[in-house]
Amino acid sequence: MSTGADGNGSRGRAVPELSRLAPVVQESTPSMIASRLREAIASGVLPPGSRLSEAKLAAQLGISRGPLREGMQRLTQEGLLVSIRNRGLFVTEMTPDNIEDMYVARQAVERAAARCLFDKDHEAAGAALLAVVDRMEQAARDGDMAGVSEADVEFHQTLVAQAASPRLSRMQQTLLTETRMCIRALEETYPDNSTRVEEHRAIAEAIRDGRAEDADKLLIAHMADAIDRLKTAGPASRLTTADR
């Protein structure tokens, strides 16, 4: 049997117009700079309220000021940096209003993700979440505060990832840096990390067991508790740009 002119049976089929495809490009320098600064903000290397010196950053990163400005502009658009006239560029602050607004957004994403889980394999999702809680508990036993916080972030990322919703995942990604900032600030509010561990374990078990209403209530309570802790934290956690 004839397979056509190309020997692959393609006779009569439309050939895709590949010329319309955009060329593959490497990540731009401003994009890489933005990623580096985003990570520095999330990890606390650039703490909330700190002023960014363009000259020092350019020298430290070994780059020219043009790409640096573009990278910083991206973070300004994301709300991670704030420009104050005649004063400069500052890392956004975890003020009570910012905290409230960020957790409103987080609740919308994570509660929606949790609801999705009960239409899927909620037992597998619960097991995945419990595995993260086990790592959190081990870090707490070891006195590894950073490890506890990393597991905390991973828990919430896993919750949304298990929903298999690309849009919810993208929405969560836009909140990730501020989420990590808040979770770092929460570290000093837990004299005993067992409370932190058990809150996450209760959510995971409710999801595993198919208790949708309980899971939703526990998520709401978990985030409400975080808001209260952040708002009542010591002055160092909520220092404002005006105070620096």
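The values are calculated or read from the model by the stated rules, or taken from the named source; none is laboratory data. Since the structure is predicted, the reported quantities are computational estimates derived from the model, not experimental observations. A quick note on method: Cβ atoms are made from the backbone with ideal geometry, for glycine too, and the neighbour counts reach across all protein chains shown.
May I ask you to list the residues in the stretch 176-191 that are in contact (Cβ under 8 Å) with a residue 60 or more places away in the chain and surrounded by fewer than 19 Cβ atoms within 10 Å (Cβ to Cβ)?
The one that is in contact (Cβ under 8 Å) with a residue 60 or more places away in the chain and surrounded by fewer than 19 Cβ atoms within 10 Å (Cβ to Cβ): Leu176.
From the list Ala131, Ala163, Ala140, pick out the single residue that is surrounded by fewer than 19 Cβ atoms within 10 Å (Cβ to Cβ) and either within 24 Å of Glu213 (Cα to Cα) or aliphatic (A, V, I, L, M) (or both). Steps first, answer last, please.
Details: Ala163 fails: surrounded by fewer than 19 Cβ atoms within 10 Å (Cβ to Cβ); Ala140 fails: surrounded by fewer than 19 Cβ atoms within 10 Å (Cβ to Cβ).
Matching residue, one of Ala131, Ala163, Ala140: Ala131.
From (1) under 19 Å from the mean Cα position of the chain (by Cα); (2) modelled with pLDDT under 95; (3) polar (S, T, N, Q); (4) farther than 25 Å from Thr232 by Cβ, pick out the condition that doesn't hold for Ser83.
(1) is the only condition that Ser83 fails.
Say we look at the stretch 42-80 and pick out the residues that are acidic (Asp, Glu) and under 23 Å from the mean Cα position of the chain (by Cα); which of these is nearest to Ser149 (Cα to Cα)? Please lay out each step first, then the result.
If we filter the stretch 42-80 for residues that are acidic (Asp, Glu), which is where we start, we get 54, 70, 78.
So of that shortlist, the ones also under 23 Å from the mean Cα position of the chain (by Cα) come out as 70, 78.
Details: Glu70: 31, Glu78: 23 Å.
Selected residue: Glu78.
Name the helices (runs of 4 or more DSSP H) wholly within the stretch 44-161 that hold at least 2 residues that are assigned by TED's automatic domain parsing to the domain that holds Asn193 and more than 14 Å from Met181 (Cα to Cα)? Before you say what the answer is, go through the steps one by one.
Values: elements: 54-61, 65-78, 96-117, 122-141.
Answer list for the stretch 44-161: 96-117, 122-141.
Under 6 Å between Cβ atoms, at least 6 apart or on separate chains: pull out the pairs that start in the stretch 102-127 with a residue that is touching a residue at least 60 places away in the same chain (Cβ under 8 Å) and end on any residue that is crowded, with 21+ Cβ neighbours inside 10 Å and not hydrophobic (A, V, I, L, M, F, W, C).
From the stretch 102-127, the pairs are Met102/Glu178; Val109/Gln172; Leu117/Gln162; Ala125/Gln162.
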